[in-house]
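The values are calculated or read from the model by the stated rules, or taken from the named source; none is laboratory data. Predicted model only: the values in this text are computed from it and were never measured. Positions of Cβ are backbone-derived with ideal geometry, glycine not excepted, and every protein chain shown enters the neighbour counts.
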Amino acid sequence: MRIKQSLLEYVDNVKNGTYTCEDFVLETLEHIEKHEEVLHSYISINQKAIEDAKKIDKKIQSGEKVGAFYGAPIGIKDNICIKNSKTTCASRMLEDFVAPYDATVITRLKGQDALFIGKNNLDEFAMGLTTEFSAYGPSRNPWNPDYVPGGSSGGSAVAVSAFECLASLGSDTGGSTRNPASFCSVVGIKPSYGLISRYGLISYANSIEQIGPITRTVKDTAFVLNTIAGIDENDNTTIDNHNDDYLGEIDQGIEGKKIGIIKQMMGEGASKDVVDATNEAISKLEKQGAQIQDINLEAVDYSVAAYYTITATEAGSNLARYDNLRYGYDFPVEGYEFNSYISRARKRFGPEVTRRMILGGFVPSAGYAGKYFLKAMKVKNKLTREVNEAFKKVDLLISPTVPVQPFKIGEKIEDPIALFLVDFNTVTANLTGKPAISVPFKVTNGLPIGIQLMAEHNKDKFLLQAAYTLEQNTKLPEVPL
Ligand code: GLN
């Protein structure tokens, strides 16, 4: 099947006239139709996809200049705004919200003739890591539909893994591109903080989150970054990457590079299969000429607690706008005084968002801030210092992406603390602003295991070179669809 190709293979084939964009999009839509009932990776499908594809083909046939994507169908997490399209954040609160403008990443992808095939499912407002907290029902893991696909960008990872698009965009606040990438055996990156504009990404915890591509290959990730990364006047936290070419020199190798194993992430919380796979990945990198050592990051033990305290605080403030006066849904005000109206309107938030809102009101409040929020900020600073120190000794840090393999749908949903701990390995990159990537490495007992690599801030290009080296030394089975 054509749709099983990588994004770069697609571009070559359409460029050379092996097939048309329309043929490819039709095949993709048929495939989506066949699998969506089980997988549910999309909240909505672009009804004009075929029309869009025809426009691209016309451009190609008439010899007009065509953008780098050549109409490649891309999935977009439904918390990223596409003008005149619904952007629901998988919440009933934004069920009817139509975005009035394009996110910067969307403008840039449009400029390169990417085709948006649909909006991907997620945990409501990106809070979660299984996609079970979507108000529109969970996504399922294509490797085994009884298991969670990870989250919160679960739909984006499922769609890529199940050939329902060539690449997708997710967002990563505490692991949300890397976790589902690991669970679905695809590549997911959380770039350096500031590398990709957040303009048009609906904020959850904006001081630490980034948009990131999810793809089937490391080269495809580099290709997408070439279009979407770099400074943006609409987001003044963005950094100038001087139009870095992430694809160029990707096959540089890692000869002579130093890699640190994060000790805390190979300990008791991690399953034996996951630790074994990580050790295997480490020896493969060693064979490629890397030098390995252990790294001790003590603050990692407190990182999940700090992460949830900080993100709840930011969420409490970011989501305050959903009061049904500024954003919300049609609900009459008669019979309510101001506060009770807002409380009533917020009943549209699901259980996880409600939990975070309550927590987010409490932890930074007068009398408690010192005990919770400020303490969390201290952990964040200590962790950053430790990671900066580590990068004086090594070029890369390695760990499992997630301490465990995918678990069954429903297995942990009643136990928020157990769920939070699944983020143990991913939140450090967010709290410290460093880039991190999950590379698919192994399938054990029919379920995937991903390896996480982390690099110094702004060394995304080097991170991709290392990820590519690992990928080239890995052989994976095809997803059993
Ligand atoms: N699981 C984490 C949370 O619920 C991460 C989510 C994310 O990265 N968006 O906050």
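A few comments on the model shown:
- Tabulated pairs, the stretch 93-108, first under 11 Å from residue 80 (Cα atoms), second hydrophobic (A, V, I, L, M, F, W, C) and not in a loop (DSSP other than H, G, I, E, B), C-beta under 7 angstrom, 6+ apart or interchain: 103/80; 103/201; 105/80; 105/169; 105/196; 105/211; 105/228; 106/80
- Scanning the stretch 116-129 for residues that are assigned to a loop (DSSP other than H, G, I, E, B) and in contact with a Lys or Arg (Cβ under 7 Å, 6 or more places away or on another chain) gives 122, 127.
- In the stretch 215-242, residue nearest to the ligand (Cβ to nearest atom) [restricted to those that are part of a strand (DSSP E or B) and surrounded by fewer than 24 Cβ atoms within 10 Å (Cβ to Cβ)]: 235
- Cβ pairs under 8 Å, 6+ apart, first in the stretch 407-422 and under 14 Å from residue 447 (Cβ atoms), second surrounded by fewer than 17 Cβ atoms within 10 Å (Cβ to Cβ) and not aromatic (Phe, Trp, Tyr): 408/146; 409/146
- Each residue in the stretch 344-372 was checked for being within 18 Å of residue 91 (Cα to Cα) and either more than 16 Å from the ligand (Cβ to nearest atom) or without any contact (Cβ under 8 Å) to a residue 24 or more places away in the chain (or both), and 7 of them qualify.
- Residue within the stretch 336-346 that is in a loop (DSSP other than H, G, I, E, B) and either at positive phi or of a type outside the set (D, E, K, R) (or both) present: yes
- Candidates 379, 404, 387, filtered to the one that is away from the ligand (no atom under 13 Å from the Cβ), assigned to a loop (DSSP other than H, G, I, E, B) and touching a helix residue (DSSP H, G or I) at 6+ places or on another chain (Cβ under 9 Å): 404
- Restricting the stretch 1-42 to residues that are free of Cβ contacts under 8 Å to residues at least 12 places away in the same chain and part of a helix (DSSP H, G or I), the residue that is farthest from residue 115 (Cα to Cα): 37
- Residue match in the stretch 160-179 (condition: farther than 23 Å from residue 28 by Cβ and assigned to a helix (DSSP H, G or I)): yes
- Conditions (1) part of a helix (DSSP H, G or I); (2) touching an Asp or Glu at 6+ places or on another chain (Cβ under 7 Å); (3) not hydrophobic (A, V, I, L, M, F, W, C); number of the one not met by residue 212: (1)
- Complete set of residues in the stretch 268-297 that are within 25 Å of the chain's Cα centre (by Cα) and small (Gly, Ala, Ser): 269, 270, 271, 277, 281
- Residue 450 vs. criteria modelled with pLDDT of 95 or more, of a type in the set (Gly, Ala, Ser) and assigned to a loop (DSSP other than H, G, I, E, B): no
- Residue 425 being assigned to a loop (DSSP other than H, G, I, E, B) and modelled with pLDDT of 95 or more: yes
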